[in-house]
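The values are calculated or read from the model by the stated rules, or taken from the named source; none is laboratory data. None of these values were measured; they are calculated from a predicted model. Cβ placement follows ideal geometry from the backbone for every residue including glycine, while neighbour counts extend to all protein chains displayed. In case anyone asks, the SASA skips ligands and DNA or RNA and just uses the protein heavy atoms, side chains included. Shrake-Rupley method; radii C 1.70, N 1.55, O 1.52, S 1.80 Å.
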Amino acid sequence: MFKNFDIQLDQLSLEVWVILGVMILLPVMLLLFHRSRESQGGRLLQTKVLVYGSLCVALSFLLSYIRLFRMPQGGSVTLAGMLPIIIFAVAFGPLPGILAGFALGLLNLIQDPYIVHWMQIFLDYPLAYGALGLAGIYRKHLSISALIAGIGRLSMSFLSGIIFFREFTPEGWNDVIYSIVYNGSFIGAEIFIIILLLQVPQVQSVLKQMRRGTLLTN
């Protein structure tokens, strides 16, 4: 299942070093951001955030089992499996959203992995799903938030495609274009479904209640 697992450090390509750098810098940046929020009196890790985060991760994980379409080299269109993480990120901000998405990525890795290289694991699972938390960067318009989340996940899957899935590129296709088309097809389809669902008043009501902390008390 794992290829080239015994690779030596002097054999690592520039792309792999970039991925390693992202993996190292991301937790550091999150830690610094968290401390900054705490120093300003923020209550990032209050109980309701942890409860709602756990609930949204669990719901996303369950929805990921409901696949509308499955791609041949990994990836699928689910019944809005990314929606709970996006709503959580919009409700509480990018940092909790990224951490929740990271957790979801690890669960999906355990659930149904598609692995061609040990480094590809990080791009396609914890980093790709963690990028869904970027929806919390812009919280005024839900459709734009969902698009940001989709672009964030697509960027990780795109990098994985051009680095680790080149051998699957059909003859006559450019690696970059094929990775965009392949990954954009299923991620774009699911984001479209999510944007439609975000227009439903009941979904917007859930978001408002989550922000107020009254979702589980009504």
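Things worth noting here:
- Unmet criterion (only one of (1) β-branched (V, I, T); (2) touching a helix residue (DSSP H, G or I) at 6+ places or on another chain (Cβ under 6 Å); (3) at pLDDT 90 or above) for V116: (3)
- Number of the condition not met by I163 [criteria: (1) within 24 Å of R67 (Cβ to Cβ); (2) of a type in the set (A, V, I, L, M); (3) touching a residue at least 60 places away in the same chain (Cβ under 8 Å)]: (1)
- Only one entry of L83, L104, L63 meets the criterion of being surrounded by fewer than 21 Cβ atoms within 10 Å (Cβ to Cβ) and in contact with a helix residue (DSSP H, G or I) (Cβ under 8 Å, 6 or more places away or on another chain), and that entry is L63.
- Restricted to region 110-144, and to residues there that are of a type in the set (F, W, Y) and either under 17 Å from F92 (Cβ atoms) or not in a helix (DSSP H, G or I) (or both), the residue that is nearest to the chain's Cα centre (by Cα) is Y129.
- Filter result for I193 (closer than 23 Å to L68 by Cα and under 17 Å from the mean Cα position of the chain (by Cα)): yes
- Test: residue in region 189-202 that is among the aliphatic types (A, V, I, L, M), surrounded by fewer than 16 Cβ atoms within 10 Å (Cβ to Cβ), outside any helix (DSSP H, G or I) and modelled with pLDDT of 90 or more: yes
- The condition of being on the phi > 0 side of the Ramachandran plot and at pLDDT 55 or above holds for only one of G75, G53, that being G75.
- Among residues of region 141-154 that are without any contact (Cβ under 8 Å) to a residue 60 or more places away in the chain, those with a beta-carbon under 7 Å from a residue that is not in a helix (DSSP H, G or I) at least six positions away or on a different chain give the pairs S143/L198; I144/Y138; S145/Y138; S145/R139; I148/Y138.
- Against the conditions (1) within 29 Å of S54 (Cβ to Cβ); (2) among the polar types (S, T, N, Q); (3) assigned to a helix (DSSP H, G or I), S179 satisfies every one except (1).
- Residue in region 153-168 that is at negative phi, open to solvent by 60 Å² or more (accessible area, probe 1.4 Å) and modelled with pLDDT of 95 or more present: no
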